[in-house]
Every structure is written in C-alpha cells, then in structure tokens.
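The values are calculated or read from the model by the stated rules, or taken from the named source; none is laboratory data. Source: prediction; values computed, not measured. When we count neighbours, we look across all protein chains shown, and the Cβ atoms used for this are built from the backbone with ideal geometry, even at glycine. Side chains are part of the model used for accessible areas, which takes the heavy atoms of the whole protein and leaves out ligands, DNA and RNA. Shrake-Rupley method; radii C 1.70, N 1.55, O 1.52, S 1.80 Å.
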Amino acid sequence: MIEYDIINGELVPRTETSKSNLVIEDSKIIVPKGIRFISDWKDYSLFWFQFPHILDKKIPGCGFTEYCIRSYMPVILCSPRKILLENKAEQHKGEVFYFKNELETDLEMDKDLTKITKASGGKEETESEKADKESKRTDTYTRLKNELISYLKYCSDNMTKGVSPKILVTYDSFRLVKEILKYEGVLNNFYIVIDEFQSIFTDSRFKSTTEMEFVEQLKGLQKVCYVSATPMIDSYLKEMPEFRDLPYYELDWTKEDPNRAIKPDLKIRVVRSITSQAKEIIKTYKDGNFEKSTKRDENGVIQTIESREAVFYVNSVSNIISIINATKLTPEECNILCSKTEA
C-alpha cells in the first residue's frame with residue numbers, strides 16, 4: 001500500500017514528515033469508512049490533480065458533481081445532456097452560471113433511442129435565411145459572453161467570501177466557454193470535469209464530428225478529469241490516442257467498508273422483444289412470486305430482502321405504451337417517469 005500527498009496538484013509519495021490525505025492501491029483510491037458522499041470526505045483532493053486523468057467513481061449518486069459545485073476551486077462542469085445541467089442550475093440558483101446556448105438542438109436519441117431520424121429533404125436555405133440564422137448566432141454568443149464576464153467579475157469581487165466560479169456547459173458549447181475564458185486570461189485557473197464521459201463514444205454514432213471537436217478542444221489543457229460511473233472498457237480506451245496514456249483511477253468503496261456498496265445480482269437476458277420479456281416479469285410480480293436476496297448489515301447479520309417492485313429503464317415511449325397495453329396495467333399499478341425534453 002502506498003500513501004500519497006498532493007502537493008501543487010501532483011501526486012507525491014508520503015514521507016515521514018508529510019501528512020497523507022490519499023491512499024492508493026494499484027490505481028484504486030481507498031474511500032475511508034463512514035463516507036457515503038464525496039462531500040463528506042474532508043481530505044478528498046484527487047480531483048484537483050493538475051494533469052488529465054480518468055476517474056471511475058464506481059457508483060452513481062455518490063455526490064461527485066455536487067462536491068465539484070460546492071468546492072473552493074473554479075470549475076467548468078461539462079455534461080452531454082441539457083437536462084442534467086438544468087437540474088443543477090435550478091438547485092444552485094445564483095451560485096452557478098449555466099451557459100445555456102438556445103441554438104443547440106437536443107439529440108433525437110434523447111427522446112427515443114430506437115428511432116434514428118434521417119435528415120429531412122427540404123429546399124435549400126435562401127441567402128436571407130442564412131443571414132438571419134448567422135445574426136441569431138452572433139446575438140446569442142454576444143449575450144452569453146457578456147453574461148459570463150459579468151458572472152466572473154461577481155465571483156472575483158466576492159472571492160474573499162469564498163465565492164468561486166462554477167460554469168455549467170454542454171459538450172457542444174464548451175468551445176465557446178473556452179474561447180471566452182481564454183480571451184479573459186483565466187482559462188488555466190479552471191478545473192474541467194467531463195461528466196458521463198462515456199457519452200463521447202456512444203454519441204459518436206449520431207454526431208461524431210461534434211464529439212471529436214470536443215475532444216480536440218480539451219487537448220493541451222492540464223486540469224481535466226474524465227469522470228463516470230460507467231466508463232468505457234479500458235481496452236477500448238487504449239485504441240484512442242487521446243485516452244490511452246491517461247492515468248486511470250477507481251474509487252474503492254468496499255476496501256474499508258464491504259457493506260457500503262454491494263453489487264446487485266443481475267440476470268442477463270438476451271431478448272428480441274422487450275415487451276414480451278417485460279410481460280413475463282410483470283406477470284410474475286402480479287402473481288406474488290417476488291424475488292428474494294440476502295445481504296449482511298453493518299453488524300454482520302444476514303437480512304433477507306424481498307423485491308416487490310420491478311423497475312424497467314426504457315428509452316422509448318412507444319415501448320412503454322406497448323408494455324402497458326400487453327400487460328393491461330392500471331394507473332394504480334404503475335408509475336411512469338419521463339425526462340423533460342422539448343416536443
């Protein structure tokens with residue numbers, strides 16, 4: 001086991017005269033016992049490395065994003081989805097700046113992954129229409145630039161009160177934020193968090209040029225953390241020069257507390273029709289044949305847990321409707337949660 005200190009953003013092996021704040025075993029960062037959320041971990045400072053790195057946080061909902069927003073460091077939080085940024089901006093009104101570019105269009109895949117829309121054939125834009133669109137782009141950029149600069153000034157004026165800038169932006173609009181911060185001479189002050197970075201790969205099916213441009217924009221920046229609870233397989237990362245040489249760290253939640261994060265007992269199903277499989281599972285639950293599993297509590301006592309609810313993650317509203325029709329579920333028997341997307 002090697003213990004490290006972080007000095008000027010660099011990992012330095014612990015000496016007898018230094019105070020350790022990080023324990024790493026084979027690139028696994030040991031999370032101390034009693035920590036449920038990253039913000040509870042007072043000595044946590046891996047994120048502030050001054051070199052690009054990948055962080056597998058292993059479990060979702062551990063508060064990493066919240067920790068970044070509440071930290072004392074200037075942060076740019078990049079997300080592949082608008083809805084995630086909108087939620088955070090709503091939670092932290094007045095504390096963060098959401099670089100909301102209204103000219104961005106949501107991916108069709110956000111609405112229904114089973115349908116890939118083809119570009120519709122239409123008449124070519126007129127010169128007047130092109131000029132109008134360019135004017136809107138210029139006006140939007142100018143407004144966002146002025147708003148961001150005003151926000152940076154507010155943070156600078158209140159620095160002694162513990163205020164530090166937190167900028168929320170999509171992958172698509174990061175280049176604009178980078179351009180403004182570089183012009184203001186403050187770009188290198190920021191730590192850049194690439195949230196859900198596996199989306200760089202998955203979204204490439206739909207907008208490969210945009211994703212590769214985003215990766216290109218990150219080149220040469222040192223304070224970059226690619227973070228995800230479901231990162232790409234390491235063997236795939238090694239195929240890309242942009243990622244193959246980056247240090248890869250994992251948060252180890254079980255070393256100090258084996259009961260803190262328990263992997264679910266997953267049953268792998270290969271299906272041709274999600275409706276038929278969902279119908280079979282729902283019938284089992286409606287018949288009262290609930291699945292059971294066991295786990296040890298913090299005192300080592302074995303507990304039996306009975307599953308009384310089935311949860312389906314479906315990226316298609318049409319599939320949801322099909323399942324409900326096939327199983328004749330009533331409104332009292334099911335809850336449907338859909339993300340907020342533009343019609």
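Worth a mention:
- Being modelled with pLDDT under 85 and among the β-branched types (Val, Ile, Thr) is a property that Thr160 lacks.
- Any chance Glu95 is within 20 Å of Asn189 (Cβ to Cβ) and open to solvent by 30 Å² or more (accessible area, probe 1.4 Å): yes
- Going through (1) surrounded by 17 or more Cβ atoms within 10 Å (Cβ to Cβ); (2) out of contact with any Asp or Glu (no Cβ under 6 Å at 6 or more places or on another chain) one by one, Asn87 falls short only on (1).
- Residue in the range 47-68 that is farthest from Val227 (Cα to Cα), counting only those that are outside any loop (DSSP other than H, G, I, E, B), among the hydrophobic types (A, V, I, L, M, F, W, C) and more than 13 Å from the chain's Cα centre (by Cα): Trp48
- Condition check for Glu196: open to solvent by 40 Å² or more (accessible area, probe 1.4 Å) and closer than 17 Å to Leu237 by Cα: yes
- Whenever a residue of the range 274-290 is farther than 17 Å from Ile320 by Cβ, its partners that are surrounded by 12 or more Cβ atoms within 10 Å (Cβ to Cβ) and of a type in the set (S, T, N, Q), lying with C-beta atoms within less than 9 angstrom and at least six residues away or across chains, give the pairs Lys283/Thr327; Lys286/Thr327; Phe290/Thr284.
- Subset of the range 147-171 (residues that are in a loop (DSSP other than H, G, I, E, B) and either crowded, with 21+ Cβ neighbours inside 10 Å or of a type in the set (S, T, N, Q) (or both)): Asn158, Ser164, Pro165, Tyr171
- Residue match in the range 281-295 (condition: of a type in the set (Lys, Arg) and at positive phi): no
- Set Tyr226, Tyr154: member being modelled with pLDDT of 90 or more and under 17 Å from Ser79 (Cβ atoms): Tyr226
- Test: residue in the range 114-129 that is hydroxyl-bearing (Ser, Thr, Tyr), farther than 29 Å from Phe197 by Cα, assigned to a loop (DSSP other than H, G, I, E, B) and modelled with pLDDT of 80 or more: yes
- Picking from residues in the range 32-80 that are more than 27 Å from Phe201 (Cβ to Cβ) and open to solvent by less than 50 Å² (accessible area, probe 1.4 Å), the one that is modelled with the highest pLDDT is Pro74.
- Any hit, the range 277-287, residues being open to solvent by 70 Å² or more (accessible area, probe 1.4 Å), more than 30 Å from Pro258 (Cβ to Cβ), modelled with pLDDT of 85 or more and aliphatic (A, V, I, L, M): no
- Pairing residues of the range 192-221 that are small (Gly, Ala, Ser) with residues that are assigned to a helix (DSSP H, G or I), at Cβ distances under 9 Å and at least 6 apart in sequence or on separate chains, gives Ser199/Glu211; Ser204/Thr210; Ser204/Glu211; Ser204/Met212.
- Hey, Arg143 of a type in the set (Lys, Arg) and surrounded by fewer than 12 Cβ atoms within 10 Å (Cβ to Cβ) or not: yes
- Residue match in the range 203-214 (condition: modelled with pLDDT of 90 or more and surrounded by 18 or more Cβ atoms within 10 Å (Cβ to Cβ)): yes
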